[in-house]
Every structure is written in structure tokens, then in C-alpha cells.
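Nothing in this text is a laboratory measurement; each read-out follows from the coordinates by a stated rule. Please read all numbers here as calculations on a predicted model, not as lab measurements. Cβ placement follows ideal geometry from the backbone for every residue including glycine, while neighbour counts extend to all protein chains displayed.
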Amino acid sequence: MQIPVYHVDAFTDRLFGGNPAAVCPLESWLPDATMQAIAAENNLSETAFFVREGDDCALRWFTPKVEVDLCGHATLASAHVIFQREPNRGSVAFRTAKAGTLTVTRTGEKLAMDFPARPPKLVAAPQGLAAALGKAPTELLAARDYMAVYDSPDDVAALAPDFAALGKLDCFAVIVTAPGENGVDFVSRFFAPAQGIPEDPVTGSSHCTLAPYWGRRLGKTYLEALQISRRVGKLSCTLANERVVIAGQAVLYLEGRITI
């Protein structure tokens with residue numbers, strides 16, 4: 001059996017930037033163990049699988065280790081594949097089990113994803129977090145993930161976490177963030193070693209938490225964000241009630257077939 005696979009760099013306008021995702025369009029769902037094995041074999045932070053359901057699609061995402069409840073860059077990559085195959089299409093709705101229906105719309109050169117907001121709340125720092133990150137944050141909040149706030153982009157860029165220690169914390173992942181500079185409202189990085197992703201290059205789902213926090217702190221509903229991993233990713237975020245519209249570009253790197 002052969003299935004198509006696309007390798008797309010998301011949240012970037014250039015090859016070898018942003019966050020690479022694998023996308024596999026399917027006629028029907030494969031066994032969960034097979035999809036997990038494909039994701040492990042691809043060894044990218046996420047592999048997305050979608051099945052057409054009329055005009056919409058059902059969508060699922062897998063890291064090399066687990067299935068996840070929400071993934072931004074692989075959703076963006078999936079929409080990019082669909083729009084490339086259907087150039088006259090203006091939007092696509094993805095049905096998901098835990099995040100509801102996620103609509104992606106063409107907006108000029110960008111694709112805009114309508115995601116649920118996940119506003120964070122202040123929490124006490126768990127034992128070992130500051131040591132694992134290498135520097136104590138000025139404040140700590142949490143939604144699905146811990147979100148550690150620092151004073152400057154240099155603080156965030158300089159972090160060299162102990163991933164083994166981070167992976168033992170009782171949370172899905174850790175976001176680190178700080179105010180931005182030169183037209184960027186905020187910067188971030190994202191660590192999820194417990195999910196098989198020591199550092200994710202660009203993370204759409206984290207901005208469901210980041211955008212509400214920075215929107216409230218800065219008094220803005222539109223924010224420009226930069227994820228300052230080695231590959232760097234650019235995201236535009238718009239707050240709309242209990243939703244966050246996250247927009248970015250994507251570039252196709254590879255197209256092929258998987259034999260199973």
C-alpha cells in the first residue's frame with residue numbers, strides 16, 4: 001500500500017525555515033499504531049493525517065511519540081497542501097476530536113487559522129523548573145503548558161534547558177517568552193521533551209496561550225510574534241473573543257509516497 005506524503009515548512013516564506021511538518025492525505029483512517037509508526041519514522045515534530053469528509057476534512061496529528069490534541073504548524077501545512085491541490089479554494093474546515101472545527105482561510109500570501117484561545121493563569125513554580133530552564137522566570141503561568149515569562153529576547157535566546165529534567169515535569173510542555181523588539185510584540189520558544197520534541201522550531205498551538213497573555217499585557221488585539229528557534233518562525237495573531245486567529249506562510253519542500 002502506498003500513501004502520499006508532503007513535507008512542508010510552516011510559518012515561513014523560505015525553504016529551510018519555520019517548522020517542517022509531514023502531511024499524509026488518506027482515503028480512510030489507518031490503524032492508530034500505523035499512523036504513530038509513520039510519525040516516528042518521519043521523525044519530524046508533527047505528522048498530520050487527514051481524510052476528506054465532503055467539503056471538509058477530518059484531521060489528526062502525531063509527534064514521534066504520541067497523538068496530540070492541537071497542532072498549529074501541521075494544520076497550516078495541511079491547508080497548504082489542500083490549497084496547492086485546489087488552487088481556486090478559499091478556505092478549508094478541519095474537524096478534530098478535541099479542538100473542534102478549525103477553519104483555515106487564504107488571506108493574501110498568508111493562511112489564517114481560527115483556533116481556540118487558551119488564556120494562561122498565574123501558578124506557583126514547581127520544584128525543579130527554574131533549574132531545568134537554567135534561569136528563573138519573572139513570572140510563571142499555565143494553561144495546557146507552563147509559560148515562563150522573561151524580561152528580554154536575549155534571556156529567552158540564551159536558555160539552554162536540561163531537557164531530561166524538563167521532561168519529568170507534570171505538564172505537556174514549557175513555553176518561554178519575553179517582550180519583542182523592532183516591530184515584534186513578543187518572542188517565544190517551546191520545549192516538549194516528554195512528547196518526543198526537545199525544542200519545537202515554531203509552535204502554532206502555543207500562541208493560543210501566548211496571544212491572550214500578550215494581548216492583555218500590551219492592550220492589543222493584533223500582535224506580531226517571532227519564535228526564535230534556530231529555524232525561526234513568523235506568526236501574526238489576532239484576538240477575537242475566545243478565539244485566536246494565527247496566520248503565517250508555508251513552503252512545500254518535498255512530495256513523495258510512503259510504502260507500508
- Item | Full-extension gain in nm, residue 101 to residue 66, via 0.36 nm per residue minus C-alpha separation | 10.5 nm
- Task: Let me know the shape class of the range 1-104, please: from the alpha-carbon gyration tensor, a ≥ b ≥ c as square roots of the eigenvalues, rounded when a/c is under 1.5, otherwise prolate if a/b is greater than b/c, or oblate.
- Result: rounded
- Item | Convex hull (Cα only) mean projected area of the chain, reported in nm² to one decimal | 13.1
- Could you pull the Cα extents of the range 54-168 along its three principal axes, largest to smallest, in whole Å? 50, 28, 26
- In whole percent, the Cα-Cα distances of the range 121-241 spread across 10 Å bins from 0 upward as 14, 51, 31, 4
- Item | C-alpha long axis of helix 72-85 to longest principal axis of the chain, angle in ° | 30
- With label points set 7 Å from each Cα along the Cα-to-Cβ direction at residue 151 and residue 37, the distance between them in nm comes to 5.3
- Query: How many nm is it between the label spots at residue 163 and residue 109, if each spot is 7 Å from the Cα in line with the beta carbon?
  - Reply: 3.2
- What is the Cα centroid distance between the range 144-214 and the range 103-117, reported in whole angstrom? 22
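Are there any GluC sites (Glu not before Pro) in the range 1-69 that are in a DSSP loop and have at most 13 other Cβ atoms within 10 Å? List them by number. Mind dumping the intermediate values first?
Values: sites: 27, 41, 46, 53, 67; in loops: 27, 46.
Taking the range 1-69 and a limit of 13 other Cβ atoms within 10 Å, the loop GluC sites (Glu not before Pro) found are 27.
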